[in-house]
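Derivation of every value follows stated rules applied to the coordinates shown; laboratory data play no part. Just so it is clear, the structure is predicted and the values come from calculations on it, not from any experiment. Using ideal geometry, Cβ is built from the backbone for each residue, glycine included, and neighbour counts are taken over all protein chains shown.
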Protein chains: 2
Amino acid sequence: MKPKKKLRKPSQPLIETLADNIRRLRRERELSQEELASLCGLHRTYVGSVERGERNITLGSLELFAAALDVTAIDLLTREDA
Amino acid sequence: MKPKKKLRKPSQPLIETLADNIRRLRRERELSQEELASLCGLHRTYVGSVERGERNITLGSLELFAAALDVTAIDLLTREDA
């Protein structure tokens with residue numbers, strides 16, 4: 001193995017960054033969890049568990065959230081203070 | 001719903017961008033699929049299917065690939081020509 005870059009460790013797991021961003025953006029858009037779930041085609045309780053950082057979600061679900069919140073998947077995985 | 005930003009559609013699904021990046025970075029690091037799988041703690045056939053864009057992988061697996069390839073998860077989801 002020949003690493004070409006310095007090791008960069010994320011200070012926060014992706015799942016937690018995602019949870020924070022989804023909750024923040026949902027509130028900014030004045031959506032309830034139920035409304036966001038409906039936009040994503042997912043269940044309200046699933047959205048709640050994602051917002052609590054309890055779900056190891058797939059890239060497919062990530063894209064559903066990004067489309068519903070009108071941001072990119074990368075935006076959802078990037079810390080707001082980064 | 002009150003969208004605040006312009007809609008940005010990804011030109012390529014995340015899964016395909018990820019597949020391209022993992023294959024490219026693995027080869028740059030002169031690793032076989034088996035060696036990368038071993039670094040990730042995953043099976044060689046799983047790595048192969050991810051590199052073919054066949055897997056809707058989770059954020060947890062994404063972080064394993066990123067750590068093994070010494071890049072960030074965001075790097076793996078960003079098109080090289082972006």
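Using the Karplus curve 6.51 cos²θ - 1.76 cosθ + 1.60 with θ = phi - 60°, what ³J(HN,Hα) values do you get for each residue of segment B:64-69, in whole Hz, with x for Gly and Pro?
5, 4, 4, 5, 5, 9
Just in segment B:8-67: which GluC sites (Glu not before Pro) are loop by DSSP and have at most 12 other Cβ atoms within 10 Å? Intermediate values should be presented prior to the final figure.
Details: sites: B:16, B:28, B:30, B:34, B:35, B:51, B:54, B:63; in loops: B:30, B:54.
Those that pass, being in a loop and sparsely packed, are B:30, B:54.
Sorting A:23, A:44 on the 10 Å Cβ count, fewest up front, what's the list?
On the way: A:23 18, A:44 14.
Ordered from fewest to most neighbouring Cβ atoms within 10 Å, A:23, A:44 come out as A:44, A:23.
Based on alpha-carbon atoms only, what is the radius of gyration of the protein assembly as shown relative to the globular estimate 2.2 N^0.38 Å?
Here the answer is 1.06, to two decimals.
Find the all-direction average of the projected area of the Cα convex hull for chain A, expressing the result in square nanometres with one decimal place.
For the Cα atoms of chain A, the hull's average projected area reads 6.3 nm².
When only Cα pairs under 8 Å and 6 or more residues apart are kept, what is the percent relative contact order across segment A:14-76?
Worked out over segment A:14-76, it gives 39 percent.
How shielded is A:31-44 by partner chains, expressed as the average number of their Cβ atoms within 10 Å of its Cβ atoms?
Values: counts 2, 0, 0, 0, 1, 1, 0, 0, 1, 0, 0, 0, 0, 0.
Across A:31-44, the average partner-chain Cβ count within 10 Å equals 0.
Through the Karplus equation 6.51 cos²θ - 1.76 cosθ + 1.60, θ set to phi - 60°, convert the phi angles of segment B:29-42 into ³J(HN,Hα) values in whole Hz; use x for Gly and Pro.
8, 6, 10, 7, 4, 5, 5, 5, 4, 5, 4, 8, x, 10
Using a simple charge model, +1 on the beta-carbon of Lys and Arg, -1 on the beta-carbon of Asp and Glu, nothing else, what dipole does chain A show about its Cα centre, in debye to the nearest 20?
740
For peptide B:60-67, compute the average count of partner chain beta-carbon atoms within 10 Å of each residue's beta-carbon.
For peptide B:60-67, the averaged partner shielding equals 3.
Take the alpha carbon atoms of segment B:32-75, find their center, do the same for segment A:62-82, and report the distance between the two centers in whole angstrom.
Value for the Cα centre distance between the two parts: 21 Å.
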